[in-house]
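Trainee: I'd like to ask some things about the structure below.
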Amino acid sequence: MNKKPQPYLIKVKNSDGGDPRFFDTLNGRWVDTLSTDEVATFEAALYQARMQHLARHFRNDHLQLILFPTEDCNFRCVYCYEDFSLGRMRPEVQRGIRRLVQRRAPGLKTLEIGWFGGEPLTAYDIVLNLTRYFVRTAQEHDVLLLQHMTTNGYLLTPDRFEELHNLGLRSYQVTLDGNEEEHDRKRIGKGGFRTFEVIWNNLEMMKSHPLDYLVTIRVNVDQDNITQAPAFIERLASTFGSDRRFRLHFHKVGRWGGANDANLKTLDDEKAMLRLYRLARDAGLQLDLDMNPGSKVCYAALPYSFVVRADGRINKCTVALEEPENQVGRILADGSLLLNNERLRPWILDGSLTDPVCQTCAIRPLCEGSACPWVRIRDGRRSCPPLLGQMQAYLKLQALGAPA
């Protein structure tokens with residue numbers, strides 16, 4: 001055994017009473033021993049973690065754009081932090097995005113597009129037009145095009161799903177906050193209409209297709225719906241549990257700056273979230289529990305990631321939309337990015353590169369001290385992933401996988 005074990009090993013006890021195993025967060029793998037030929041030395045591990053961080057972050061062959069085709073929405077969720085003051089993306093902003101991609105494409109290996117909002121499907125024509133352009137440009141320059149959409153799912157009709165699939169959009173996040181009564185109380189249609197049934201039917205439609213895609217069903221959890229969550233898990237499992245294209249993610253409701261923040265009954269109990277994941281696993285659902293290196297790094301911490309607002313402003317974070325620290329620049333119609341480096345720096349250069357506590361934390365390779373750069377900027381404290389205190393339990397759950 002090394003005289004000084006490397007810091008990026010998490011000991012996980014064997015529930016059957018056998019020898020413990022170790023999860024090597026530096027390489028995203030399980031190891032059965034701490035022998036020097038199986039894991040790095042302390043000094044080598046620190047060096048490797050730093051090199052991984054630098055190689056993953058500071059690269060010019062990857063561009064990630066998170067686009068707001070509109071900042072209006074057909075929902076009025078009770079915990080939403082957006083004010084819907086901006087509508088559809090301006091034509092000159094769309095031109096700027098095209099020219100930025102055209103300018104960068106010859107030097108890119110990967111172009112990653114994330115559709116956000118507002119509700120992106122309320123500006124479906126903009127999504128289609130830009131996506132077609134991205135597909136053509138990526139093909140011309142042999143660039144890998146990755147696409148993802150965060151949508152409430154209400155307008156994800158069969159025709160749209162098939163059309164977007166044909167254009168390479170294969171990854172979605174759709175939110176359901178419980179069964180009909182609970183969901184429709186929180187995720188309310190603009191004007192007061194109910195939303196659960198249409199979303200559920202759209203997800204069932206997607207399930208009926210033999211196409212290849214991934215849907216993350218997100219459940220926002222608070223004190224109101226956690227008691228009903230087990231029944232909803234059973235319903236999800238009975239419909240989607242056998243389909244590996246669907247996975248489940250639980251997320252605690254937060255006070256994210258919305259007008260209704262004072263009335264939210266937030267939940268600060270990671271053990272309760274762990275219990276939900278265990279129930280979901282036992283019910284046969286696929287879980288969103290990625291433990292690979294870099295998997296807990298926020299997109300806002302990546303130097304090559306930019307949020308493009310409908311009016312052309314450049315943000316780093318999709319939550320603190322109007323905060324001054326999040327206004328890092330603007331895109332021009334010719335594709336130029338005018339960036340404020342003073343505001344940009346704290347998003348991308350803090351974390352484990354500067355924080356000595358993060359540097360020797362067992363989960364540094366997962367989050368790199370940047371699980372939420374906004375917390376560090378706003379509050380002056382490190383932003384650890386919520387699962388940190390329950391890491392052994394989550395690793396054990398991930399290792400088990402879903403029942404056959």
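The values are calculated or read from the model by the stated rules, or taken from the named source; none is laboratory data. No experiment lies behind these values; they were computed from the predicted model shown. We place every Cβ from the backbone using ideal geometry, glycine too, and count neighbours over all the protein chains shown.
Trainee: Cβ-Cβ under 6 Å, sequence separation 6+ or interchain: first residue in the stretch 179-200 and over 16 Å from ILE233 (Cα atoms), partner among the aliphatic types (A, V, I, L, M). Which pairs?
Mentor: These pairs meet every condition: LYS186/VAL78.
Trainee: Filter the stretch 309-348 down to residues that are under 23 Å from the mean Cα position of the chain (by Cα) and small (Gly, Ala, Ser) and give me whichever is farthest from MET89 (Cα to Cα).
Mentor: ALA320
Trainee: Would you confirm whether or not the stretch 131-151 contains a residue that is among the acidic types (Asp, Glu), farther than 18 Å from MET206 by Cβ and in contact with a helix residue (DSSP H, G or I) (Cβ under 9 Å, 6 or more places away or on another chain)?
Mentor: Yes, the stretch 131-151 contains at least one residue that is among the acidic types (Asp, Glu), farther than 18 Å from MET206 by Cβ and in contact with a helix residue (DSSP H, G or I) (Cβ under 9 Å, 6 or more places away or on another chain).
Trainee: Follow-up question, since we're still on this one. Mind checking whether some residue in the stretch 321-341 is without any contact (Cβ under 8 Å) to a residue 24 or more places away in the chain, of a type in the set (Gly, Ala, Ser) and buried (at least 16 other Cβ atoms within 10 Å of the Cβ)?
Mentor: yes
Trainee: For the structure I just gave you, tell me whether ILE217 is closer than 23 Å to LEU203 by Cβ, crowded, with 17+ Cβ neighbours inside 10 Å, touching a Phe, Trp or Tyr at 6+ places or on another chain (Cβ under 8 Å) and of a type in the set (Val, Ile, Thr).
Mentor: Answer is yes for this residue.
Trainee: Looking at the stretch 358-382 only, could you name the residues that are touching a residue at least 24 places away in the same chain (Cβ under 8 Å), on the phi < 0 side of the Ramachandran plot and part of a loop (DSSP other than H, G, I, E, B)?
Mentor: THR360, CYS361, ALA362, ILE363, SER370, ALA371, CYS372, ARG382
Trainee: Check GLY369, GLY380, GLY389 and return the single one that is within 26 Å of TYR277 (Cβ to Cβ), small (Gly, Ala, Ser) and surrounded by fewer than 16 Cβ atoms within 10 Å (Cβ to Cβ).
Mentor: Every option except GLY389 fails the conditions.
Trainee: ARG59 passes all but one of (1) assigned to a helix (DSSP H, G or I); (2) within 27 Å of ARG345 (Cβ to Cβ); (3) of a type in the set (Lys, Arg); which number fails?
Mentor: Exception for ARG59: condition (1).
Trainee: Going by the conditions given, is GLY312 of a type in the set (Gly, Ala, Ser), touching a Phe, Trp or Tyr at 6+ places or on another chain (Cβ under 8 Å) and under 30 Å from ARG345 (Cβ atoms)?
Mentor: no
Trainee: Now, a different point. All but one of (1) free of Cβ contacts under 8 Å to residues at least 60 places away in the same chain; (2) buried (at least 18 other Cβ atoms within 10 Å of the Cβ) hold for GLU82; which doesn't?
Mentor: Among (1) free of Cβ contacts under 8 Å to residues at least 60 places away in the same chain; (2) buried (at least 18 other Cβ atoms within 10 Å of the Cβ), GLU82 violates only (1).
Trainee: Scan the stretch 275-304 residue by residue and report those that are buried (at least 18 other Cβ atoms within 10 Å of the Cβ) and of a type in the set (A, V, I, L, M, F, W, C).
Mentor: Matches in the stretch 275-304: LEU276, ALA280, ALA283, LEU285, LEU287, LEU289, MET291, VAL297, CYS298, ALA300, ALA301, LEU302.
Trainee: Continuing with the same structure: Under the condition of being modelled with pLDDT of 90 or more and more than 23 Å from ASP288 (Cβ to Cβ), which residue from the stretch 348-366 is surrounded by the fewest Cβ atoms within 10 Å (Cβ to Cβ)?
Mentor: Going through the qualifying residues, I end up with PRO356.
Trainee: Would you be able to tell me the number of residues in the stretch 26-69 that are among the β-branched types (Val, Ile, Thr) and either in contact with an Asp or Glu (Cβ under 7 Å, 6 or more places away or on another chain) or on the phi > 0 side of the Ramachandran plot (or both)?
Mentor: 2
Trainee: Moving to a separate point now. Go through the stretch 71-111 residue by residue and tally those that are assigned to a strand (DSSP E or B) and touching a Phe, Trp or Tyr at 6+ places or on another chain (Cβ under 9 Å).
Mentor: Number satisfying all stated conditions: 2.
Trainee: Taking into account only those residues within the stretch 34-56 that are out of contact with any strand residue (DSSP E or B) (no Cβ under 8 Å at 6 or more places or on another chain) and assigned to a loop (DSSP other than H, G, I, E, B), which is farthest from HIS141 (Cα to Cα)?
Mentor: Once the filter is applied, the top-ranked residue is SER35.
Trainee: Scan the stretch 271-318 for residues that are under 26 Å from GLU119 (Cβ atoms), of a type in the set (Lys, Arg) and either touching a residue at least 24 places away in the same chain (Cβ under 8 Å) or part of a helix (DSSP H, G or I) (or both) and jot them down.
Mentor: Across the stretch 271-318, the qualifying residues are ARG309, LYS316.
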